[in-house]
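Here the structure is laid out as structure tokens; the discussion comes afterwards.
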Amino acid sequence: MSDLTTGMTTPVYRLRPSVAADYDAIADVWHSSASLPDVGPPIMPTLRELRERVDVAFAAGWEVTLASRERDVLGFVAIKPREAVLDQLFVRPGFLGHGIGRALLDHAMTTMPAGFTLFTASSNTRARTFYEKAGLIFLSQTPHPRTGHPVSRYGWSSH
């Protein structure tokens, strides 16, 4: 699909629940996106470390929705509805700016209509601007519990 005004190609994708066979792709999207400048922690975990965290996170209650095109995972949102937390939202580099992140965020808003909180690296100005444009409110800045780098806490409520 092509946007006639900009000439940019918009990826065609669909949202779907993840399955165990997607865990490698989820870790890959997470690693490639979080490795972009100012997105992830100062010392980025390896792909293998993130893949291990995916297993742990699913066991602890992650619910993950993917944006996929055929067999390719373009992005994902991981939520913890019982805790009202949007835990992770990442879009594969090269697919940023095509509405995938917004579709995933909208899914989280629909799934957790009473509201939720999330954390993002304070240095990640693209994500912070994205969340603020979507109506999330900056709540606080604290050091990350594992790495110590500054993270910003945001909240969203439909009320």
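The values are calculated or read from the model by the stated rules, or taken from the named source; none is laboratory data. Quantities reported herein were computed from a predicted structural model and do not represent experimental measurements. Using ideal geometry, Cβ is built from the backbone for each residue, glycine included, and neighbour counts are taken over all protein chains shown. Accessible surface is based on the protein model in full, side chains and every heavy atom, while ligands, DNA and RNA are left aside. Shrake-Rupley method; radii C 1.70, N 1.55, O 1.52, S 1.80 Å.
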Exercise. Which members of region 142-151 meet the condition of being open to solvent by 40 Å² or more (accessible area, probe 1.4 Å) and in a loop (DSSP other than H, G, I, E, B)?
Worked result: H144, P145, R146, T147, G148
For this session: Might you check whether a residue that is open to solvent by 60 Å² or more (accessible area, probe 1.4 Å), touching a residue at least 12 places away in the same chain (Cβ under 8 Å) and under 17 Å from A25 (Cα atoms) occurs anywhere in region 60-71?
Result: yes
For this session: State whether the residues of region 97-104 include one that is touching a helix residue (DSSP H, G or I) at 6+ places or on another chain (Cβ under 9 Å) and hydrophobic (A, V, I, L, M, F, W, C).
Result: no
Problem set entry | Tally, over region 82-135, of residues that are assigned to a helix (DSSP H, G or I) and open to solvent by 40 Å² or more (accessible area, probe 1.4 Å) | 14
Exercise. Filter region 5-21 for residues that are open to solvent by less than 60 Å² (accessible area, probe 1.4 Å) and modelled with pLDDT of 95 or more; which is farthest from R146 (Cα to Cα)?
Worked result: R16
Exercise. Looking at (1) out of contact with any Leu (no Cβ under 6 Å at 6 or more places or on another chain); (2) assigned to a loop (DSSP other than H, G, I, E, B); (3) of a type outside the set (S, T, Y), which is the only condition L139 fails?
Worked result: (2)
For this session: Go through region 22-46 and count every residue that is modelled with pLDDT of 95 or more and either over 22 Å from H107 (Cβ atoms) or open to solvent by 20 Å² or more (accessible area, probe 1.4 Å) (or both).
Result: 6
